[in-house]
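Notes for the one structure printed next.
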Amino acid sequence: MSGVHGIWNYQYLKDAAFDMPGAIGAIGADWSRWVGRGLRKVDAALAPPGPIPVAYYSDCLFRGVRMGGEDPRRLTPFGQELLAAWIEEVRLAEVGVAAAPLVPQGRLTFALRSMVQWFTERFGQRSLRIVSATVGELAAYFDPESPAARLQAQDRVATMLRCHRPRVLLAHSLGSVVAYETLSAHPDLEVDLFVTMGSPLAMRTVVFERLSPVPQGRGAKPPGAAAWVNIADRGDPVAVPRHGMSQRFIDVVRDRETSIHLVDPHTAKNYLRCAELVEEILPHVTTRSA
């Protein structure tokens, strides 16, 4: 079993004094502990997995400052454009308001401020913080002026997969986008089970239509993934639209909706220890404690 992390993971590298092996070891130990807690809830005899190899790419997207967060004005012009598109899709799904033109690049305009205010009033400051941070890192990943970052992130995932050859690949948040594109670009990389958690892959103008390869109608399952399962908290502001994965991609075996946490519905910690994930990976976990 291996993983691909999502947003807000640059801290691992800082905490490891910028030692990459140290950062990878730390995040892998955390993922193993969180998955182990979920397994023990189901069966106390199940041994926790060893350190989970996690493809680390956060440094590929780092631009010297924490992007997004609570203040969308810290986003790049491209990031502001993505944020406007994100909120507009959420607004369409929630209240059926007709789509407005994207906010012009260059500054946080009155139109975008109004959109941010609507989103915050409806979903709260915490959700805005999560979405803004996700958009900030997505903007770095999709930035047409810096395509090397996108390829470098995918190379990190491909290298990890070739090294460890996992049967199960867990991909969280933005990591689901990087993992999807990596598996699609390298059909020789095969996994028995591809699990996306808290994924924005189905967001049309923000992610879906920017994917490579560009979806023709509905998106395709990565050729090397024997089975694809998606797990989304119904309150996760990143995993939108609801049930979007099975609607916009073919051959998604299960598109599972759950509640992983009432006030913290997006973090990897809560997804990795949720009952739905345990149910999916249990057939691949055979080790029991003595």
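The values are calculated or read from the model by the stated rules, or taken from the named source; none is laboratory data. Just so it is clear, the structure is predicted and the values come from calculations on it, not from any experiment. Reconstructed Cβ throughout: ideal geometry from the backbone, glycine too, with neighbour counts over all protein chains shown.
The criterion of at least 3 residues that are at pLDDT 95 or above and in contact with a His (Cβ under 8 Å, 6 or more places away or on another chain) is met by the following strands (runs of 3 or more DSSP E) wholly inside the stretch 191-290: 191-197. All of (1) assigned to a loop (DSSP other than H, G, I, E, B); (2) touching an Asp or Glu at 6+ places or on another chain (Cβ under 9 Å) hold for Asp188 with one exception: (2).
The set of residues from the stretch 1-57 being farther than 14 Å from Lys269 by Cα and among the small types (Gly, Ala, Ser) comprises Ser2, Ala16, Ala17, Gly22, Ala23, Gly25, Ala44, Ala45, Ala47, Gly50, Ala55.
Within the stretch 217-240, the set of residues being closer than 25 Å to Asn270 by Cα, without any contact (Cβ under 8 Å) to a residue 60 or more places away in the chain and buried (at least 21 other Cβ atoms within 10 Å of the Cβ) comprises Ala225, Trp228, Val229, Asn230, Ile231, Ala232, Asp233, Asp236, Ala239. When the stretch 34-55 is filtered for residues that are over 11 Å from Met1 (Cβ atoms) and modelled with pLDDT of 95 or more, the ones remaining, listed by number, are Trp34, Ala55.
Matching residues to (1) of a type in the set (Gly, Ala, Ser); (2) more than 28 Å from Pro72 (Cβ to Cβ); (3) not assigned by TED's automatic domain parsing to the domain that holds Pro21:
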| site | (1), (2), (3) |
| --- | --- |
| Gly136 | yes, no, yes |
| Arg165 | no, yes, no |
| Leu169 | no, yes, no |
| His172 | no, no, no |
| Ser176 | yes, no, no |
| Asp188 | no, yes, no |
| Phe194 | no, yes, no |
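What are the residues in the stretch 1-59 that are crowded, with 16+ Cβ neighbours inside 10 Å, in a loop (DSSP other than H, G, I, E, B) and free of Cβ contacts under 8 Å to residues at least 12 places away in the same chain, if any? The answer is Ala16, and nothing else. You will find that of Val214, Val207, the residue that is without any contact (Cβ under 8 Å) to a residue 24 or more places away in the chain and either surrounded by 20 or more Cβ atoms within 10 Å (Cβ to Cβ) or out of contact with any Gly (no Cβ under 9 Å at 6 or more places or on another chain) (or both) is Val214 and no other.
What are the residues in the stretch 195-222 that are farther than 23 Å from Pro147 by Cβ and over 16 Å from the mean Cα position of the chain (by Cα), if any? Answer for the stretch 195-222, where residues must be farther than 23 Å from Pro147 by Cβ and over 16 Å from the mean Cα position of the chain (by Cα): Gly217, Arg218, Lys221.
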